[in-house]
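The values are calculated or read from the model by the stated rules, or taken from the named source; none is laboratory data. Since this is a predicted model, take the numbers as computed values, not measurements. Quick reminder, even Gly has a Cβ in these numbers, built from the backbone with ideal geometry, and neighbours come from all protein chains shown. Only protein heavy atoms, including side chains, enter the accessible area calculation; ligands, DNA and RNA are left aside. Shrake-Rupley method; radii C 1.70, N 1.55, O 1.52, S 1.80 Å.
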Amino acid sequence: MRKPNKTEMQALVRELRAIAPKRPLTYGESLQVGRIQAARLRRWANAVEPDINLIWLVKQRLIPVNFVASHKLGEESGLTTDQVSGRLEMFVNEGEPPVRQRFSLLHEWKHALDFDDAPILHAKLGRGNAKVQAGQIEAICNDFAAHVLMPTALVKREWFTWQELSVVANIFNVSVEAIATRLEKLGILGEPKPAPRFYFRRSLLPDVQQDDFALAA
Ligand SMILES: [Zn+2]
């Protein structure tokens, strides 16, 4: 894939940013916006195969990517800021394995997409608790990266074909941890969800057995 020019990158950023309504979003809405952006991005990149090529993102110069030593990032995976040079830039930890760098790259790209409108978009997150808010913003960026790298339909297809974490991780060019987390979130892998509990007094529902609720859930 060739390097997109500045005009093409500006158009892409504008298109992806326009998906987010310019108002405070709930956590659920933020995830939804990120997933629509992720699908749009894969379409833009003509990513038909599971393993999306991210060279366009590394090479584009609109919001430059810098690969830097781990200690410069305080051992974090990445950073997106305009505080280093005065313009918005992404920094990715070059000490981490390539599969992790791919995830970090997209995580930072989501920060970059939300950067200008972050004070509005994230205003309601955490309900005034800055720590909760920061955690939710990180989770939103992780969710975006996960959906760009591992779209739901393709994950299901490959998982049900191979049923082997390392094989499927390889197909998507992600870490085993990333594909396992994705499968767990889809409810495909991991402990089966516990049967729904009774939250109300049994006497209110004299004729209903718990099994009926398990079937209906
Ligand atoms: Zn982050």
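Things worth noting here:
- Loop-located chymotrypsin sites (Phe, Trp or Tyr not before Pro) across region 121-180 with a Cβ neighbour count of 10 or fewer within 10 Å are lacking, with loop assigned by DSSP.
- For Ser166, solvent-accessible area (1.4 Å; no DNA, RNA or ligand), Å²: 70
- Split the chain at each of the GluC sites (Glu not before Pro) in a DSSP loop with at most 15 other beta carbon atoms within 10 Å, and the longest piece is 1-74.
- Vicinal HN-Hα couplings computed from phi for region 75-90 (Karplus, 6.51 cos²θ - 1.76 cosθ + 1.60; Hz; Gly/Pro x): 6, 6, 6, x, 7, 10, 7, 10, 8, 7, 10, x, 10, 5, 9, 10
- Between the residues Asn5, Ser70, Leu57, the greatest Cα displacement towards the positive end of the dipole of region 1-120, with unit charges on the Cβ of Lys, Arg, Asp and Glu, is found for Asn5.
- The chain - percent relative contact order, Cα under 8 Å, separation 6 or more: 21
- Expressed in Å, the radius of gyration and Dmax of the Cα atoms of the chain are 20.1, 69.
- Calculated [θ] (222 nm, deg cm²/dmol) that DSSP helices of n ≥ 4 give over the chain, each run adding -39,500 (n - 2.57): -16000 deg cm²/dmol
- Protein accessible area in the chain, 1.4 Å probe - carbon and sulfur %: 54
- Taking the inverse of the mean reciprocal distance over all distinct Cα pairs, the Kirkwood hydrodynamic radius of region 77-132 comes to 12.6 Å.
- Accessible surface of His107 - all protein chains present, 1.4 Å probe, nearest 10 Å²: 20
- Taking every protein chain into account, the accessible area of the chain amounts to 58 square angstrom per residue (probe 1.4 Å).
- Kirkwood Rh, Cα atoms: Rg over Rh of region 1-67: 1.00
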